[in-house]
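The values are calculated or read from the model by the stated rules, or taken from the named source; none is laboratory data. Since the structure is predicted, the reported quantities are computational estimates derived from the model, not experimental observations. Positions of Cβ are backbone-derived with ideal geometry, glycine not excepted, and every protein chain shown enters the neighbour counts.
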Amino acid sequence: MKKKMAVTGFGFMGAVHAKNILENERLELCAIVDNRDSIFEGIEKTGNHGELGLPIDRLKKVPVYKTLEECVSKEQPDAVSICVPLFLHYELTRKALNLGLDVLLEKPFCPAVEQCDELINLAEEKGRILMVAHCVRFFPAWQFLSECIRDKRYGELKLLTASRMGGEPAWGVWLDDKIKKTCGGALLDLLIHDIDFAISCFGKPEDVELNLNVAEYWEFELKYKTTPARISIKGGFLHRHTAFASEYIATFDKGSVRYSSLQPEFIYAGTDAGSETIEVKGDGYANELDYFAGCIEARKPPIKCLPEESLTAISVCNQIKESKHNSC
């Protein structure tokens, strides 16, 4: 039997989650929770991926509720995807767990480490699955890189540089200056993806070195004793409507691999034997949701994306911010 899942917050990411729930064989989209009157207005063109290909006609048949409490009372969902502004993450996740729901919380976790820690403990106390949606872990191009690092098919990693940048969001809550100030800026909205990826491969860094910060653009290194590799991350928000791109370059003892979301179909590798083009297939958002569905079916913790590691990503972002203050 399919698990019933609701989506709370029907902005860009809420719409992406709703679409993938509809297309997932394990799940049923039982409700959308959003307190606005016109949730479908402009939704197809929001976000940084262009047209979302939303099944609008199917989505409009899904019941819409103003509050999570009303949704739970009427629909009895098993789980909820929470896709609301960052300042609401703690409050709504706590509420959902206390209502007996499993929770997929859109990244980042919560702005305060103490809030993250409390929610992890609450989920354990209530016997609920809690996962933060760090989607990069589930995108095929990044899964390929992770496998290369782990199985050393190109030798020992020497350098990983990741970049993620694009125009400041010009949609949804980002148009509200009061809410925008609570969203954590480029560190928590963009670069936390690459920080979390590094955590997934190497664990928590011993230190962070901030090399450059201009407004919402950042360049920094994560320092590890567990790997000799240099781990460099850069990017942030550029002027509105600037094309978005996420990229990586990884150099190993016996080869290098490159990827850019501007050419999302391929990964390019080079070794002494010549060049290689690796085809990229699959959708990270769909993979992420299906993994969560498997966890709530089996009642197993999300080992591939534990909330404790999502808390670590918040902690690293806070450390980077502190480095900025200390350098001023």
Legend entry - Hits in region 276-328 - residues which are hydroxyl-bearing (Ser, Thr, Tyr) and within 22 Å of Glu206 (Cα to Cα): Ser310, Thr312, Ser315, Ser323, Ser327
Inset, instruction - Considering (1) touching a helix residue (DSSP H, G or I) at 6+ places or on another chain (Cβ under 8 Å); (2) more than 27 Å from Leu175 (Cβ to Cβ); (3) surrounded by 20 or more Cβ atoms within 10 Å (Cβ to Cβ), say which one Val72 fails and leave the rest. - result: (1)
Inset, instruction - List the helices (runs of 4 or more DSSP H) that sit entirely inside region 49-136 and contain at least 1 residues that are over 19 Å from Leu289 (Cβ atoms) and either under 22 Å from the mean Cα position of the chain (by Cα) or among the aromatic types (Phe, Trp, Tyr) (or both). - result: 89-98, 113-126
Legend entry - region 1-20 residues that are closer than 19 Å to Leu88 by Cα, paired with ones that are of a type in the set (D, E, K, R) (beta carbon under 7 Å, 6 or more apart): Ala6/Glu75; Gly9/Asp34; Phe10/Asp34; Met13/Glu106
Legend entry - Filter result for Thr182 (among the polar types (S, T, N, Q) and modelled with pLDDT under 95): yes
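Among the residues of region 223-259, which ones are assigned to a loop (DSSP other than H, G, I, E, B) and without any contact (Cβ under 8 Å) to a residue 40 or more places away in the chain?
Answer for region 223-259, where residues must be assigned to a loop (DSSP other than H, G, I, E, B) and without any contact (Cβ under 8 Å) to a residue 40 or more places away in the chain: Tyr224, Lys225, Thr226.
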Inset, instruction - Give Lys180, Lys126, Lys158, Lys152 a once-over and let me know the one that is farther than 25 Å from His17 by Cβ, surrounded by 14 or more Cβ atoms within 10 Å (Cβ to Cβ) and of a type in the set (D, E, K, R). - result: Lys158
Inset, instruction - For residues that are buried (at least 20 other Cβ atoms within 10 Å of the Cβ) and either modelled with pLDDT of 90 or more or at positive phi (or both), tally how many sit in region 161-171. - result: 4
Legend entry - Residue check, Gly270 surrounded by 13 or more Cβ atoms within 10 Å (Cβ to Cβ), free of Cβ contacts under 8 Å to residues at least 60 places away in the same chain, touching an Asp or Glu at 6+ places or on another chain (Cβ under 8 Å) and outside any helix (DSSP H, G or I): yes
Legend entry - In region 264-283, residue nearest to Ala245 (Cα to Cα) [restricted to those that are of a type in the set (Val, Ile, Thr) and in contact with a helix residue (DSSP H, G or I) (Cβ under 9 Å, 6 or more places away or on another chain)]: Ile267
Legend entry - Residue match in region 41-50 (condition: out of contact with any strand residue (DSSP E or B) (no Cβ under 8 Å at 6 or more places or on another chain) and β-branched (Val, Ile, Thr)): yes
Inset, instruction - May I ask you to verify whether Lys304 is farther than 30 Å from Gly127 by Cβ and touching a residue at least 40 places away in the same chain (Cβ under 8 Å)? - result: no
Inset, instruction - Can you work out which of the residues in region 279-317 that are surrounded by 15 or more Cβ atoms within 10 Å (Cβ to Cβ) and over 17 Å from the mean Cα position of the chain (by Cα) is farthest from Phe138 (Cα to Cα)? - result: Glu297
